[in-house]
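Read through the structure below, which is laid out as structure tokens, and then see the notes.
What follows is calculated from the coordinates using simple rules that are stated; it is not laboratory data. Fair warning: this is a prediction, and the values are worked out from it, not measured in the lab. In this analysis, Cβ positions are derived from the backbone assuming ideal geometry, glycine residues included, and neighbour counts consider all displayed protein chains.
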Amino acid sequence: MKLAQHFTLINQLYCEYYNKGIIKDVFHQYRNGGDVALCEVIAAQIHFPKKRHDYIVPIPMSAKDDVKSTFNPVIQVLKTKKIPFVDLFGTTGQSESNIKHQTAYHKKRNLFYLTSEAQALNLENKTILLVNDIYTTGVSEHQAAEKLFIRKIGKVDVFTFVR
């Protein structure tokens, strides 16, 4: 699937690490194994983009994945690094991993909605940095950005821990 055929593209994608070798093992243990103690190590090694953004926004996990994990890996790192962020999104409950195995993934409804907090903010012409733990297909990041483009934001960049 070509994202440009289905979404307005994001401005810039920043990825800290490639998802292979020891990095893959560490992030799997952190994210899927629920090893929250690894957060300190990961937070110390992650370097966020230097570019200034009006808002830093974590991309939420699906409700099912959030319950299974017991913590949100992105929010945990942001808190550990003392990076201010705003929760602008909620999820519809359908997990991306469930949808990925369907042939028409990109045609499914958007997984995200803007929260009441997001609705109350003036996002027009603002720069947003979306933060996710892992970039796989890019659909989650682009679906989240799609919700922001409706609000006439300036630019959306994406930072992911691994790709």
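A few remarks follow.
- Too-long pairs where the Cα-Cα distance tops 22 Å, listed order kept, from LYS24/LYS126; LYS2/LYS79; LYS50/LYS81; LYS50/LYS82; LYS79/LYS155: LYS24/LYS126; LYS2/LYS79; LYS79/LYS155
- Net charge dipole, the stretch 1-59: roughly 300 debye, given to the nearest 20, about the Cα centre with Cβ charges of +1 for Lys and Arg and -1 for Asp and Glu.
- Sorted by Cβ density within 10 Å, fewest first, the residues PHE112, PHE149: PHE149, PHE112
- Top of LYS51, LYS81, LYS152 by mean-square fluctuation, Gaussian network on the chain, Cα under 10 Å: LYS51
- Of GLU16, GLU146, GLU40, the one that fluctuates the most in a GNM where the chain has Cα springs shorter than 10 Å: GLU40
- Dividing the convex hull volume of the alpha carbon atoms of the chain by its residue count gives 115 Å³ per residue.
- Simple point charges give the picture: +1 on the Cβ of Lys and Arg, -1 on the Cβ of Asp and Glu, and for the chain a dipole about the Cα centre of about 400 debye.
- Theoretical FRET efficiency, 1/(1+(r/R0)^6), r = Cβ-Cβ of HIS6 and ASN122, R0 35 Å, to 0.05: 0.80
- Inter-centroid distance (Cα atoms) of the stretch 1-66 relative to the stretch 109-124, Å: 20
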